[in-house]
Amino acid sequence: MSNSQKKSVWFVTGSQHLYGPKTLKQVDDDSAIIVKELNGTGKLPVEVVFKPVVKTPDEILSVCIQANSDARCIGVITWMHTFSPAKMWIAGLKALQKPSVHLHTQFNRDLPWAEIDMDYMNLHQSAHGDREFGFIQTRLRKNRKVIVGHWKEKAVQDQLAVWCRTAIGWDESKGLKVARFGDNMREVAVTEGDKVEAQIRFGWQVAAYGVGDLVEYVEKVSDEEVDTLYQTYERLYAVAENCKPGQKYHEHVRVQARYEIAMKHFMEQGGFGAFTTNFENLTGLAQLPGLASQRLMAAGYGFGAEGDWKQAAMLRIIKKMSEGMPGGSSFMEDYTYHLDPSNQGVLGAHMLEICPSIAAQKPRLEVHPLGIGGKDAPARLVFESATGPAMNVTLIDMGNRFRLIVNTLDVIKPLANLPKLPVASAFWKTHPNLADGAAAWIHAGGTHHSVFTLALTPDYIENLAEMADVELVVIDPNTQLAAFKKELRWNELYYLLSGSLKG
């Protein structure tokens, strides 16, 4: 599924003709060395492409237009090796539609104290050249990432890698198609939202399909395809005895295999990267797609239950950002609490659809009644989540804007076994604590559905919010509820007034 290796970010260095051909050649050579060594680190998930130094308004505008039109280019790294008068950048920056990161660095790490002269000073002017460049971006109200430090430093390279991964997610977002099988759960508020504004802001194309459209694909799946997929289940999972061939629930498992094949074919043919289902809209299906949805998430698709297209899209983007990284990501729901004052925690789960990419152990394939929806007992994977630092991410529609909400977590082992819980689950400690973290989430309008990830950290979502130009609030160990509530009020005023400042 990954095509990140085909993507690139461009390295664009600014200067001017004032310094003469010798200095400009050195600027080019130094920039090429940085690009070569960044690519050689193996840390960046995309190729960094060297672009010759730009020295005039026309050259700057040209490279920005070329970046826009190159499908492989997902962003631009900018650096002012010398002083590059920022009025030259106005037309190019106004035209640039790809995300950018301003790398505030210097070719040499240390000053050559005994040899430094004015030739050195004229060549190595990033300290004030980048400030000039920074001003014009701020004056133009351009969202961008700023990374400061020597380009060989691990911390700088790590920040660049995070930004590149976020750019991969943003590139995915701009062409993402979400298939909704059925509609939203009736009378639920947070799963609704402005799909037109979502397409304007994020690029998502959200389309609804009757369950009958999916049933047509289900009916075309052959028994041979189902048999082959079932063998995969046997290899990957601990299949319950009553789910094996000839046993009570084997056909229930085969139904899910048929759904998985049909849904994948549907999405492949339609170019969809995410999907939703709804237990209230299942006419023509014998079961709610449980195992099928879990397996498709593990393959990289985004998913949202009860028609939650926003979380489905966010999960797809987060999975694209984290390709090849340790830790998994899943659709999630804050389900129930452990409110012992000395050891409070949250048990996250859902009826069926938790992605096995977060599993701590080999998942068990089981069949149990769903209890709602009036359909046959569906097959599902049952497991407990891996432990470690994690976060929940959600996107809400505030009416006049979208808001991204992040809450950092510590995922721990459950305090006791859960022998009668027939679903996948995760148990976590909410930051800064359950009382303040849950209150902050609720004050922010956070949903009961979220994207749960053990792979990423809040800086990825901060970068994404900058690229999408949407509001972000973060609940973490440093959150103080009174200050957080003030931040929400200030944000209301900012987003009421800020539209007039951006052209």
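The values are calculated or read from the model by the stated rules, or taken from the named source; none is laboratory data. Being a predicted model, the structure only gives us computed values, none of them experimental. Methodologically, a virtual Cβ is constructed for each residue, glycine included, from the backbone with ideal geometry; neighbour enumeration extends over all protein chains shown.
For residue 465, are the conditions met, namely being free of Cβ contacts under 8 Å to residues at least 12 places away in the same chain and in the same structural domain as residue 343 (by TED's automatic domain parsing)? It is false that residue 465 is free of Cβ contacts under 8 Å to residues at least 12 places away in the same chain and in the same structural domain as residue 343 (by TED's automatic domain parsing). For segment 265-272, the count of residues that are surrounded by 24 or more Cβ atoms within 10 Å (Cβ to Cβ), in contact with a Leu (Cβ under 7 Å, 6 or more places away or on another chain) and not β-branched (Val, Ile, Thr) is zero. Only one of the numbered conditions (1) over 30 Å from residue 492 (Cα atoms); (2) among the hydroxyl-bearing types (Ser, Thr, Tyr); (3) buried (at least 16 other Cβ atoms within 10 Å of the Cβ) is not met by residue 394, and that is (1).
The number of residues in segment 394-420 being of a type in the set (A, V, I, L, M), over 24 Å from residue 343 (Cα atoms) and under 18 Å from the mean Cα position of the chain (by Cα) comes to 4. Here the strands (runs of 3 or more DSSP E) wholly within segment 351-418 that include at least 1 residues being within 14 Å of residue 332 (Cβ to Cβ) and not hydroxyl-bearing (Ser, Thr, Tyr) are 388-397, 402-412.
Cβ-Cβ contacts under 7 Å between residues 6 or more apart (or on different chains), taken from a first residue in segment 383-403 that is more than 18 Å from residue 298 (Cα to Cα) and of a type in the set (Lys, Arg) to a second residue that is in a strand (DSSP E or B) and at pLDDT 95 or above, are listed as 401/471; 403/396; 403/471; 403/473. Filtered by the rule that a residue be surrounded by 15 or more Cβ atoms within 10 Å (Cβ to Cβ) and either within 30 Å of the chain's Cα centre (by Cα) or not in a loop (DSSP other than H, G, I, E, B) (or both), segment 216-229 gives 217, 218, 225, 226, 229. Quick check: is even one residue across segment 295-305 over 14 Å from the mean Cα position of the chain (by Cα), charged (D, E, K, R) and within 23 Å of residue 384 (Cα to Cα)? Within segment 295-305, one or more residues are over 14 Å from the mean Cα position of the chain (by Cα), charged (D, E, K, R) and within 23 Å of residue 384 (Cα to Cα). Note on segment 129-149: residues that are surrounded by 14 or more Cβ atoms within 10 Å (Cβ to Cβ) and either of a type in the set (S, T, N, Q) or assigned to a loop (DSSP other than H, G, I, E, B) (or both) total 6. Counting the residues of segment 459-478 that are farther than 11 Å from residue 143 by Cβ and in contact with a Pro (Cβ under 8 Å, 6 or more places away or on another chain) gives 5. May I ask you to say which residue of 60, 74 is closer than 25 Å to residue 320 by Cα and in contact (Cβ under 8 Å) with a residue 40 or more places away in the chain? When all the criteria are applied, what remains is 74. Condition first: touching a Cys at 6+ places or on another chain (Cβ under 8 Å), touching a residue at least 60 places away in the same chain (Cβ under 8 Å) and crowded, with 24+ Cβ neighbours inside 10 Å. Can you find one or more residues in segment 316-329 that meet it? For segment 316-329, residues touching a Cys at 6+ places or on another chain (Cβ under 8 Å), touching a residue at least 60 places away in the same chain (Cβ under 8 Å) and crowded, with 24+ Cβ neighbours inside 10 Å: present.
The set of residues from segment 220-256 being polar (S, T, N, Q) and either within 19 Å of residue 286 (Cα to Cα) or in contact with a Phe, Trp or Tyr (Cβ under 9 Å, 6 or more places away or on another chain) (or both) comprises 222, 242, 247, 256. Candidates are the residues of segment 86-128 that are among the basic types (Lys, Arg) and part of a helix (DSSP H, G or I); the one that is surrounded by the most Cβ atoms within 10 Å (Cβ to Cβ) is 94. If you check residue 378 against the conditions, is it farther than 30 Å from residue 250 by Cα and either at pLDDT 95 or above or surrounded by 18 or more Cβ atoms within 10 Å (Cβ to Cβ) (or both)? So residue 378 does not fit the description; no. Only one of the listed residues (439, 483) is at pLDDT 95 or above, among the small types (Gly, Ala, Ser) and out of contact with any helix residue (DSSP H, G or I) (no Cβ under 7 Å at 6 or more places or on another chain). That residue is 483. Taken residue by residue, segment 331-341 has no member that is in a loop (DSSP other than H, G, I, E, B) and buried (at least 16 other Cβ atoms within 10 Å of the Cβ).
Of the residues contained in segment 176-194, none is found to be on the phi < 0 side of the Ramachandran plot, assigned to a helix (DSSP H, G or I) and buried (at least 18 other Cβ atoms within 10 Å of the Cβ).
When residue 80 is tested against (1) closer than 16 Å to residue 52 by Cα; (2) touching a Phe, Trp or Tyr at 6+ places or on another chain (Cβ under 7 Å); (3) free of Cβ contacts under 8 Å to residues at least 60 places away in the same chain, only condition (3) is not met. Per the listing 238, 274, 262, the residue uniquely over 26 Å from residue 206 (Cβ atoms) and touching a residue at least 12 places away in the same chain (Cβ under 8 Å) is 238. Answer yes or no as to whether residue 405 is within 27 Å of residue 295 (Cα to Cα), touching a Gly at 6+ places or on another chain (Cβ under 6 Å) and aliphatic (A, V, I, L, M). Against the criterion (within 27 Å of residue 295 (Cα to Cα), touching a Gly at 6+ places or on another chain (Cβ under 6 Å) and aliphatic (A, V, I, L, M)), residue 405 qualifies.
Go through the residues of segment 32-48 one by one and say whether even a single one is without any contact (Cβ under 8 Å) to a residue 40 or more places away in the chain and of a type in the set (Lys, Arg). Scanning segment 32-48, I find at least one residue that is without any contact (Cβ under 8 Å) to a residue 40 or more places away in the chain and of a type in the set (Lys, Arg), so the answer is yes. Restricting attention to segment 230-257, report how many residues are buried (at least 17 other Cβ atoms within 10 Å of the Cβ), in a helix (DSSP H, G or I) and either under 29 Å from the mean Cα position of the chain (by Cα) or not assigned by TED's automatic domain parsing to the domain that holds residue 355 (or both). Within segment 230-257, residues that are buried (at least 17 other Cβ atoms within 10 Å of the Cβ), in a helix (DSSP H, G or I) and either under 29 Å from the mean Cα position of the chain (by Cα) or not assigned by TED's automatic domain parsing to the domain that holds residue 355 (or both) number 3.
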